[in-house]
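The values are calculated or read from the model by the stated rules, or taken from the named source; none is laboratory data. Only a predicted model underlies this, so the values are computations on that prediction, with no experimental measurement involved. Cβ coordinates were reconstructed from backbone atoms using ideal geometry, including for glycine residues, and neighbour counts include every protein chain displayed.
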Amino acid sequence: MSVPKCSRPMSVNPDAKTKRIEDKEWRTSLLWVIENEPPERVTEILKMLRNTAKEKGISIPGENLVTDYINSIPKDSQRDYPGDLQIEARIYSAIRWNAMAMVVKANKQISGIGGHISTYASASNLFEVALTHFVKGYQNKHPDITFFQGHAAPGLYARSFLEHRFSEDALSHFRMEIQYKDGLSSYPHPRLMPDYWRFPSVSMGLAPIQAIYQARLFKYLKKRGISDNTDQRVWAFLGDGEMDEPESTGALSIASRENLDNLTFVINCNLQRLDGPVRGNNNVIQEFEALYRGAGWHVIKVLWDSDWDKLFERDKEGKLIQRIQDMVDGKLQRLSVADGKTIRKELFGGDSNLEKLVEDWSDEKIESLGRGGHDSVKVFNAFQAAVEHDGGPVVVLAQTIKGYEQGSAGEASNVAHKTKIFDKEQLQVFRDELELPIEDDELEDVPFYRFQKDSDEFRYLRKTREALGGMLPMREQLAKEFEMPDPKIFEEYKEGSGDDEVATTGVFVKILTQLLKDENLKDKVVPIIPDESRTFGMDALFSQFGIYAAEGQKYEPVDKDSLMYYNEKKDGIILEEGITEAGSMSSFIAAGTNHISQEKYVIPFYAFYSMFGMQRIGDFVWAAADARARGFLIGGISGRTTLSGEGLQHQDGQSHLNALAVPNLQAYDPAFACELAVIIQDGLKRMYAENEDVFYYITIMNDAYPMPKMPANAERDIIRGLYRLEKSRKRKNKTLKIHLLGSGAVMKEVRKAKEILEDECDIPVDIWSVTSYKALYEDARDTERINRLEGKSKQNFIQKQLGDEGDIFIAASDYVKALPQAIAKWVPGEFTVLGTDGFGRSDSISALRDFFEVDAKHIALAALRARHQKGDIKKSVVNDFVKNHDMQADKQNPAAY
Ligand SMILES: Cc1ncc(C[n+]2csc(CCOP(=O)(O)OP(=O)(O)O)c2C)c(N)n1
Ligand SMILES: [Mg+2]
């Protein structure tokens, strides 16, 4: 290989002039390529140069990950601002004042009611430039999606107030949702303000990952031919402290791998979180730059306002850049509110070049040097570059000041997050900073300030939003049309399976396949799986429907010749998310709310290992409930004893207990094919045909057994949670009758227990299938409430079903005892509950059921013991049973730890 000769001997160190000439030549060449050739060519050349340097043993520190601590967009590349900066400044000031006033007023009325002022003060320009010039509303064919920093909500309410969407009363009722009809939610909660908020965003870390999967869903729906949403963008306004959450950054590489150029993160880098600096001893923005760039994102930094441009222009030696770069965030935070003299000393002092830069500047001028995130021109240019960027996601890192312009009321102070009260002097300072015409003697009341409807400001607000498709925040339902799938799909399961042994997992997969082929649903159903398809037998869907892959399949799969080969396709239907329950749940929320983003309903079926559902991503489930997401969560291989071998970490005996606390989650633990079919059909009807904002959690099992025929007309009771599955065979000894309540995985044991009791002990048994303890509990709870408040004596559903049936009821489920115990007080008789409290173990299913005391013999024993305690059978009958079945009274307590 021939190496070109250097024109200059290697040992010679070029002087500054030579360096400048060299730099210019390289820059000119690069700019020529950028202007004349496609972006890929630029990347190619840069890579080639980097590789050449590497070949020659030259290491590049930070390898392209971190750039200088200056704005990414140089002044000479800036575009003119498209708006009226003066009007906007007046509008922004009024919004910031009102956002402060609503929190202060609320806390005056109810001490300790809370709220945040300083966060919005830092985010104001970011939100406002976006809402004035970028984010599309509902009248646009494809509305954008925006996740706002949740605790900056007062700023959005204040904007809506200026738009005359909220009254002064409403603004005065911030955080008083119960006392006042027009009370405003503390944070974005679509459940509480359904026409306003679209996504809850205040649980730190959920919004960033949701935004990524939302943007990905848009791409997926487009590739599947379901929607045409090319210009629909996802904006996520996030906090720098929020990036601490693993969920915030855990999915960054998905966004670049999937080329999500419809996604913009805007991180409000006020360098602070709740307690203090985010990275006091380091530099958080540089850290983010490396993190995001390393994950393949395009990074745009907006650090310094326009006043700095002159300084950087004069800073030919790069000394200022170096000086700032050497400062840690704790110092930058302090200097952001320091006086001009201090800044002159600490930022420019000790170096004649730096001192010279500001020698003709007054201290006041130095003090007014601002942060880029508060300069609308800089912010606009960053957003414009972000939306124009092709081929991948963009993050805008905007440096801001927490409590901006609040002076002693928390500006850049470590307690800024908690500021809720301004005294009169602080109000005066803030008013003066904002230049608002509010008289001193009015300040005591912290009055709201609003422009009249015939003002320039109001017209400007209206006009800018009209141009972008209507006011925001706003939540509307766009999807309207829905036809139920062919009812025949569900009918066949009501007939039972004869002698064929079938697992509910298999039934689920079959129903899903049928729905994916159904005329009405085939372009709506979205299967989501986090690397568990084979466990659930869902791999059969791979070859049939394809796995979605943005770039198709670039390789021949190793199993190409098999029937169920790994079939990745650009228009694949299955979202095989890999091992990320958080990502999968984010896909679920995006799909489950598609009816508010597009004109199409999308029906997610998210199937996961039940242990890694409710408890692993419980906060996402809560967010889905708040977001009014619809769809089916399918907990696979559910139950503590249904999964042999896997042991403590896999065996789930609590997910239904966790589900109990989610108000609109319909939780079912079906045992049979007919139940599963009825529940899914009803779910589709309620969520999509009837537009109810509920969602479903259904557990399924891999245990195969013959599926019984559904008792006549049992549909309604299956849905309500309880129906009689089998009547007793024995007719004599009627008074000894026992009622067994079984569900899910241990129903098989319950049926065996019936045989034992009837055949061995001559005790008649009725079996009831409890498909949902949650549904039973909620009905009874609500009936009791009505009876209490209205003085009525209505019967609840449990009482209606079991009221006249008998005196002994034994419940057995594969879940903790607290689940059936939730309905104990309404069961009309002696109620014994068997369940699986305690840590799981790795062993066989039969060993587990014996250990947890939920197998047939323990269920039968519970029945006999209860009957004996009523005085209806002799003790010897029970003792004989224990002996015959080799049961030990001193066995280990499974709940002990
Ligand atoms: C999961 C979670 N943990 C804790 C909180 C409480 N919390 C609310 S705001 C906040 C600090 C946020 O800092 P940052 O993201 O930097 O936002 P800033 O207010 O500085 O803009 C914390 C810890 C929360 N809302 N969610
Ligand atoms: Mg912060």
Under 8 Å between Cβ atoms, which residue pairs at least 6 apart in sequence (or on different chains) link something in the range 637-658 that is basic (Lys, Arg) with a partner that is in a loop (DSSP other than H, G, I, E, B) and buried (at least 24 other Cβ atoms within 10 Å of the Cβ)?
Arg640/Gln651; Arg640/Gly653; Arg640/Asp814; Arg640/Tyr815; Arg640/Thr836; Arg640/Phe852
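In the range 135-163, what residues are outside any loop (DSSP other than H, G, I, E, B) and among the basic types (Lys, Arg)? Write out each step before concluding.
Let us first name the residues in the range 135-163 that are outside any loop (DSSP other than H, G, I, E, B), namely 145-147, 150-162.
The one that is outside any loop (DSSP other than H, G, I, E, B) and among the basic types (Lys, Arg): Arg159.
Do we find that Ala811 is crowded, with 16+ Cβ neighbours inside 10 Å, among the small types (Gly, Ala, Ser) and over 22 Å from Gly653 (Cβ atoms) in this structure?
Working: crowded, with 16+ Cβ neighbours inside 10 Å: yes; among the small types (Gly, Ala, Ser): yes; over 22 Å from Gly653 (Cβ atoms): no.
The answer is no for Ala811.
Could you go through the range 765-778 and let me know if any residue there is charged (D, E, K, R), in contact with a Phe, Trp or Tyr (Cβ under 7 Å, 6 or more places away or on another chain) and at pLDDT 95 or above. Give the steps one after another, and end with the answer.
At the first step, the residues of the range 765-778 found to be charged (D, E, K, R) are 766, 774, 778.
So of that shortlist, the ones also in contact with a Phe, Trp or Tyr (Cβ under 7 Å, 6 or more places away or on another chain) come out as none.
No, the range 765-778 contains no residue that is charged (D, E, K, R), in contact with a Phe, Trp or Tyr (Cβ under 7 Å, 6 or more places away or on another chain) and at pLDDT 95 or above.
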Residues that are over 15 Å from Gln210 (Cα atoms) and more than 16 Å from ligand 2 (Cβ to nearest atom), at least 3 per element: which helices (runs of 4 or more DSSP H) completely within the range 224-294 meet that?
284-294
Members of the range 365-417 that are touching a helix residue (DSSP H, G or I) at 6+ places or on another chain (Cβ under 6 Å), away from ligand 1 (no atom under 14 Å from the Cβ) and not in a loop (DSSP other than H, G, I, E, B)
Ile366, Glu367, Gly372, Ser376, Lys378, Val379, Phe380, Val394, Val395, Val396
Going through the range 513-528 in order, the residues found to be touching a residue at least 12 places away in the same chain (Cβ under 8 Å) and out of contact with any strand residue (DSSP E or B) (no Cβ under 6 Å at 6 or more places or on another chain) are Thr513, Gln514, Asp518, Glu519, Asn520, Leu521, Asp523
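Somewhere in the range 673-680, is a residue out of contact with any Asp or Glu (no Cβ under 6 Å at 6 or more places or on another chain) and either assigned to a loop (DSSP other than H, G, I, E, B) or farther than 24 Å from Ile767 by Cα (or both)?
So in the range 673-680, the residues out of contact with any Asp or Glu (no Cβ under 6 Å at 6 or more places or on another chain) come out as 673-677, 679-680.
Filter once more, keeping what is either assigned to a loop (DSSP other than H, G, I, E, B) or farther than 24 Å from Ile767 by Cα (or both): none.
No; the residues of the range 673-680 include none that is out of contact with any Asp or Glu (no Cβ under 6 Å at 6 or more places or on another chain) and either assigned to a loop (DSSP other than H, G, I, E, B) or farther than 24 Å from Ile767 by Cα (or both).
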Residue in the range 389-417 that is farthest from Glu433 (Cα to Cα), counting only those that are in contact with a strand residue (DSSP E or B) (Cβ under 7 Å, 6 or more places away or on another chain) and more than 13 Å from ligand 2 (Cβ to nearest atom)
Gly392
Six or more apart or on different chains, Cβ atoms under 7 Å: show the pairs whose first residue is in the range 824-841 and within 11 Å of Gln654 (Cβ to Cβ) and whose second is polar (S, T, N, Q) and in a loop (DSSP other than H, G, I, E, B).
Gly835/Ser813; Thr836/Thr641; Gly840/Gln651
Assess whether Leu311 counts as being buried (at least 21 other Cβ atoms within 10 Å of the Cβ) and touching a residue at least 40 places away in the same chain (Cβ under 8 Å).
no
Can you pull out the residues in the range 720-751 that are touching a helix residue (DSSP H, G or I) at 6+ places or on another chain (Cβ under 6 Å) and on the phi > 0 side of the Ramachandran plot?
Gly721
If we keep only residues of the range 377-408 that are free of Cβ contacts under 8 Å to residues at least 40 places away in the same chain and not polar (S, T, N, Q), then the residue nearest to Tyr81 (Cα to Cα) is Glu388
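Among the listed residues Ala712, Ala753, Ala745, which satisfies the condition of being buried (at least 20 other Cβ atoms within 10 Å of the Cβ) and more than 21 Å from Thr505 (Cβ to Cβ)?
On the way: Ala712 fails: buried (at least 20 other Cβ atoms within 10 Å of the Cβ); Ala745 fails: more than 21 Å from Thr505 (Cβ to Cβ).
After applying the criteria, what remains is Ala753.
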Among all residue pairs at least 6 apart or on different chains, which show Cβ distances below 6 Å where the first residue, located in the range 222-241, is farther than 12 Å from Asp523 by Cα and touching a residue at least 24 places away in the same chain (Cβ under 8 Å) and the second is within 16 Å of ligand 1 (Cβ to nearest atom) and assigned to a loop (DSSP other than H, G, I, E, B)?
Phe237/Phe148; Phe237/Gln149; Gly239/Gln149; Asp240/Val278; Gly241/Arg273; Gly241/Val278
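Look through the range 179-223, keep the residues that are of a type in the set (Lys, Arg) and part of a loop (DSSP other than H, G, I, E, B), and return whichever of them is nearest to Val694 (Cα to Cα).
If we filter the range 179-223 for residues that are of a type in the set (Lys, Arg), which is where we start, we get 181, 191, 198, 216, 219, 222-223.
Going one step further and asking which of them are part of a loop (DSSP other than H, G, I, E, B), we end up with 181, 191, 198.
On the way: Lys181: 23, Arg191: 11, Arg198: 16 Å.
Going through the qualifying residues, I end up with Arg191.
Having 3 or more residues that are of a type outside the set (A, V, I, L, M, F, W, C) is the bar; report the strands (runs of 3 or more DSSP E) wholly within the range 519-637 that clear it. Break it down stepwise before answering.
Working: elements: 525-529, 603-609, 632-636.
Filter on the range 519-637 gives 603-609.
Take Leu303 and decide whether it is touching a residue at least 40 places away in the same chain (Cβ under 8 Å), more than 16 Å from ligand 1 (Cβ to nearest atom), surrounded by 21 or more Cβ atoms within 10 Å (Cβ to Cβ) and more than 30 Å from Glu355 (Cβ to Cβ).
Working: touching a residue at least 40 places away in the same chain (Cβ under 8 Å): yes; more than 16 Å from ligand 1 (Cβ to nearest atom): yes; surrounded by 21 or more Cβ atoms within 10 Å (Cβ to Cβ): yes; more than 30 Å from Glu355 (Cβ to Cβ): no.
Judged against the criteria, Leu303 is not a match.
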Of the residues that sit in the range 81-132 and are assigned to a loop (DSSP other than H, G, I, E, B) and without any contact (Cβ under 8 Å) to a residue 40 or more places away in the chain, which one is farthest from ligand 1 (Cβ to nearest atom)?
Ser111
Just to be sure before I move on: is Val103 over 22 Å from the mean Cα position of the chain (by Cα), closer than 24 Å to Leu260 by Cβ, buried (at least 23 other Cβ atoms within 10 Å of the Cβ) and more than 16 Å from ligand 2 (Cβ to nearest atom) in the structure I sent?
no
Consider only pairs whose beta carbons are under 7 Å apart and that are at least six residues apart or on different chains; among these, list those whose first residue lies in the range 719-734 and is within 16 Å of Pro670 (Cβ to Cβ) and whose second residue is small (Gly, Ala, Ser).
Arg720/Ala775; Gly721/Ser772; Gly721/Ala775; Tyr723/Ala714; Tyr723/Ser769; Leu725/Ser769
Could you check the range 309-364 for helices (runs of 4 or more DSSP H) lying wholly inside it with 3 or more residues that are touching a His at 6+ places or on another chain (Cβ under 7 Å)?
none
What number of residues in the range 476-518 are crowded, with 20+ Cβ neighbours inside 10 Å, of a type outside the set (A, V, I, L, M, F, W, C) and part of a loop (DSSP other than H, G, I, E, B)?
2
Assuming Val135 fulfils every condition listed in (1) in contact with a strand residue (DSSP E or B) (Cβ under 6 Å, 6 or more places away or on another chain); (2) within 16 Å of ligand 2 (Cβ to nearest atom); (3) not charged (D, E, K, R) apart from one, which condition is it?
(2)
Taking the criterion of being in contact (Cβ under 8 Å) with a residue 24 or more places away in the chain, more than 15 Å from ligand 1 (Cβ to nearest atom) and crowded, with 21+ Cβ neighbours inside 10 Å, would at least one residue in the range 264-280 satisfy it?
yes
With the first residue restricted to the range 204-219 and required to be more than 13 Å from ligand 1 (Cβ to nearest atom) and of a type in the set (Val, Ile, Thr), and the second required to be at pLDDT 95 or above and part of a loop (DSSP other than H, G, I, E, B), Cβ contacts under 8 Å at 6 or more apart or on different chains are Ile212/Ala251; Ile212/Leu260; Ile212/Pro393
